[in-house]
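The values are calculated or read from the model by the stated rules, or taken from the named source; none is laboratory data. Here the structure is a predicted model, which means the values were calculated and not measured. As a convention, Cβ positions derive from the backbone with ideal geometry for all residues, glycine included, and neighbour counts pool all protein chains shown.
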Amino acid sequence: MARTVDPQRTAQRRSAITHAAATLFAEQGFERTSAAQIARATGLSSGSVFYYFPDKAAVFRSIFEQSIPEHTALVSGHIDRTDCLDAVLDLVETLAGESLDPVAPGLMVELLRRIDQDPELAQVVAEDARISTDAVTTLLARGIALGQIDRALAPEETARWILSIVDAAFLNADPDEPHDPRPLLRRTVSRLLQPNRTENPT
């Protein structure tokens with residue numbers, strides 16, 4: 001008789017593996033982390049990781065795949081707002097807050113090392129970036145139309161610049177001396193987007 005697969009249990013195990021692997025990859029690096037170590041950290045038998053994932057690269061990708069539904073849900077809470085400047089600030093502040101996770105700096109290093117070696121990982125990262133870029137672009141365009149944001153700005157180009165600042169929060173994060181980047185990020189982006197009140201209307 002074929003073994004019945006419990007989807008909920010499978011999802012829970014995959015999530016536990018992803019969580020344990022994230023810590024190990026951040027601390028030891030991708031190459032120095034073995035599937036057996038991930039299994040032990042998850043409380044599973046050695047080799048069982050490959051029952052839930054085809055290979056170690058898939059485990060690494062799963063860390064970033066989980067951001068896609070999380071960021072989709074985050075965007076849905078802001079995308080229809082009409083206080084567009086505040087919506088952009090709240091959105092990017094939340095995204096930058098993820099850099100405070102102790103594993104974030106190490107994972108960013110490993111991501112930069114692996115992204116050119118794994119086309120599937122590159123696709124995951126690109127899709128995640130698209131979600132944020134599209135949302136910020138939409139809010140900027142609406143804010144410009146409503147006179148809340150500097151009309152001299154190009155929405156998509158500006159969205160990419162803003163999200164580059166968010167990326168910088170991860171690249172500059174120091175787990176040994178954690179520092180909250182959000183107040184400075186909010187001030188920087190706010191000053192960038194504020195409409196020019198001295199500009200003569202056309």
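Among the residues of the stretch 1-17, just one is in a helix (DSSP H, G or I), surrounded by fewer than 14 Cβ atoms within 10 Å (Cβ to Cβ) and among the basic types (Lys, Arg), namely Arg9.
What residue, of Ala36, Ala20, Ala26, is over 24 Å from Asp174 (Cα atoms), outside the structural domain of Ala159 (by TED's automatic domain parsing) and in a helix (DSSP H, G or I)? Walk me through how you get there before you give the answer.
Values: Ala20 fails: over 24 Å from Asp174 (Cα atoms); Ala26 fails: over 24 Å from Asp174 (Cα atoms).
None of the other options fit; the residue is Ala36.
Checked against (1) within 25 Å of Val125 (Cβ to Cβ); (2) at pLDDT below 95, Phe30 passes all but a single condition, namely (2). Residue pairs, Cβ under 8 Å, 6 or more apart or interchain, first in the stretch 1-17 and at pLDDT below 90, second surrounded by 10 or more Cβ atoms within 10 Å (Cβ to Cβ). List them. Here the result reads Thr10/Tyr52, each pair linking the stretch 1-17 to a residue that is surrounded by 10 or more Cβ atoms within 10 Å (Cβ to Cβ). Of all the numbered requirements in (1) surrounded by fewer than 16 Cβ atoms within 10 Å (Cβ to Cβ); (2) out of contact with any Asp or Glu (no Cβ under 8 Å at 6 or more places or on another chain), Ala39 misses one, and that requirement is (1).
Give the stretch 164-200 a look and list any residue that's of a type in the set (Asp, Glu) and at pLDDT 90 or above, or say none. So that I can check it myself, show each step before the final result.
Applying the first criterion (of a type in the set (Asp, Glu)) to the stretch 164-200 yields 167, 174, 176-177, 180, 199.
Correct list: Asp167, Asp180.
For the stretch 46-88, filtered to residues that are among the β-branched types (Val, Ile, Thr) and within 23 Å of Glu127 (Cβ to Cβ), the residue that is surrounded by the most Cβ atoms within 10 Å (Cβ to Cβ) is Val88.
I'm trying to understand the selection: among the residues of the stretch 80-119, which are under 19 Å from Ala26 (Cβ atoms) and hydroxyl-bearing (Ser, Thr, Tyr)?
Filtering the stretch 80-119 down to residues under 19 Å from Ala26 (Cβ atoms) leaves 95-115, 117-118.
Of everything in the stretch 80-119, just one residue is under 19 Å from Ala26 (Cβ atoms) and hydroxyl-bearing (Ser, Thr, Tyr), namely Ser99.
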